[in-house]
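The next block holds one structure in the form of structure tokens; read it before the comments.
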Amino acid sequence: MKILLLLAAAGLLYILQDWIYKTLWDKNLSVSIHFQDKAVLEGEQATLTEVIENRKLLPLAYLNVKFQVSRNLVFQNMENTSVSDFNYKNDVFSVLFHQRIRRTLVFSCQKRGYYEITQSDIISSNLLMTSEYISTLNQNTYLYVYPRYLNIDCLDVPFRKMIGTMTSRQFLYEDPFEFRGIRDYTSTDPMNSVNWTASARTGDLMVNVHDSTSSQEAIIILNLETETVWVYEQLHEIAIRLAASISYYFLNTGVPTRMICNGSDCITDQVAVIPTGSGLRHVNAIAEVLARIDLTRTVVSCTDQLHELTNKMANSTSAPLYIMISNSMSNSLQDAFEQLIKTGSSAMWIAPLYEDMELRVRKVPNMEIIRWEVNKYEN
């Protein structure tokens, strides 16, 4: 009789604990996964933090947290990680009542990109591990991995030559730092333009005359089209790194910069175009857009983009610097670029190519041509 009572009591306890866990296991339980806030460059390390908090009296002897991230993010400790098209993390915790667990995972960023985690699965069980409970949680975390900056010291001399101060007298404003000479005062001249030293020497009011310095901007055109059925992803990645490095160079030199690209933004699904800007924020804005370019999506025609830009610049008073980055060298693209550079001050075509590829960019006035050699066996 006692055995039957014990068995009945054990059965009731089993049913009770199973009902309690089934009902309450995920109450006041939070699981958050978040990347570090700061963006990183290709090849650098970053961190991912898991925070599990059980704010109730019911302990969870077994809690399995599952989520997936890009395989381009390689964790230092690959334990509990399976790799196929993604990295599948599968971490197991034992969480006591009113306990908070925080775990930080370190990983290496192998490739530029915009990486996010949108959901995670959590799995638990009752005390006897005889029943399994599953829930899906929304996560909202992302990480920018910017393109790696290349050493572009070899471009310093041609860039300095292009950036050289452009004086022009056709604009309506004067640059106080571009002194041209002295003339007699007229009633329309402001008093702050009077050269008092010269006036005292001559006995008549004299004013300073300044040249005008034309406003200057750099326009980087990043073309990710291919001329053949072969898609040279490595060359496109080098082109993206060049765009990041060159934009940083110009912005660091104080030249306002904009970027036009025919690749698609993985968030907006629009072409990656950045308006003119300057300063550190603009450096980051360009790097973010370059990180989001998805090379698996269809690109628009760079030739059409050049025609549209030529029409816009035809009536402009500015004379920008044009930097074309393209391993595609079709005749139509070259024709369109030649028309565009007539509206600017100077231009450069940078072609990322393998050793066995021919540089076929035509020489035209006011344009420098740079062959950027790429090693097939380097990342």
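Here are the numbers:
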quantity	calculated
Complete set of residues in region 303-342 that are in contact with a His (Cβ under 9 Å, 6 or more places away or on another chain), farther than 22 Å from Gln216 by Cα and of a type outside the set (S, T, N, Q)	none
Count of residues meeting criterion [crowded, with 16+ Cβ neighbours inside 10 Å and either in contact with a Gly (Cβ under 9 Å, 6 or more places away or on another chain) or among the charged types (D, E, K, R) (or both)] in region 302-317	1
Any chance Thr298 is within 17 Å of the chain's Cα centre (by Cα) and closer than 24 Å to Tyr146 by Cα	no
Test: residue in region 329-345 that is open to solvent by 10 Å² or more (accessible area, probe 1.4 Å), in contact (Cβ under 8 Å) with a residue 24 or more places away in the chain, outside any helix (DSSP H, G or I) and touching a Lys or Arg at 6+ places or on another chain (Cβ under 7 Å)	no
Filter result (open to solvent by 60 Å² or more (accessible area, probe 1.4 Å), in contact with a strand residue (DSSP E or B) (Cβ under 7 Å, 6 or more places away or on another chain) and assigned to a loop (DSSP other than H, G, I, E, B)) within region 112-130	Leu127, Met129
Pair list, Cβ under 7 Å, 6 or more apart: region 132-151 residue under 15 Å from Glu116 (Cβ atoms) and in contact (Cβ under 8 Å) with a residue 24 or more places away in the chain, other residue among the basic types (Lys, Arg) and part of a strand (DSSP E or B)	none
Inter-residue pairs, beta-carbon under 7 Å, first within 23 Å of Pro320 (Cβ to Cβ) and touching a residue at least 60 places away in the same chain (Cβ under 8 Å) and in region 253-270, second open to solvent by 10 Å² or more (accessible area, probe 1.4 Å) and assigned to a strand (DSSP E or B), 6+ apart	none
Which listed residue, of Ile134, Ile182, is open to solvent by 20 Å² or more (accessible area, probe 1.4 Å), modelled with pLDDT under 85 and β-branched (Val, Ile, Thr)	Ile182
Within region 56-88, tally of residues that are touching a Lys or Arg at 6+ places or on another chain (Cβ under 9 Å) and either in a loop (DSSP other than H, G, I, E, B) or closer than 25 Å to Tyr21 by Cα (or both)	9
Selected residue (only one of Ser264, Ser245 is out of contact with any strand residue (DSSP E or B) (no Cβ under 7 Å at 6 or more places or on another chain), surrounded by 14 or more Cβ atoms within 10 Å (Cβ to Cβ) and either more than 19 Å from Trp349 (Cβ to Cβ) or of a type in the set (Gly, Ala, Ser) (or both))	Ser245
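The rows are residues; the columns are (1) open to solvent by 20 Å² or more (accessible area, probe 1.4 Å); (2) small (Gly, Ala, Ser); (3) at pLDDT 95 or above.
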site	(1), (2), (3)
Leu16	yes, no, no
Asp26	yes, no, no
Ser32	yes, yes, yes
Phe35	no, no, yes
Val74	yes, no, no
Asn87	no, no, no
Ser108	yes, yes, yes
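The values are calculated or read from the model by the stated rules, or taken from the named source; none is laboratory data. In this text, all values refer to a predicted model and were calculated from it rather than measured experimentally. A quick note on method: Cβ atoms are made from the backbone with ideal geometry, for glycine too, and the neighbour counts reach across all protein chains shown. With ligands, DNA and RNA removed, areas are computed over all heavy atoms of the protein, side chains included. Shrake-Rupley method; radii C 1.70, N 1.55, O 1.52, S 1.80 Å.
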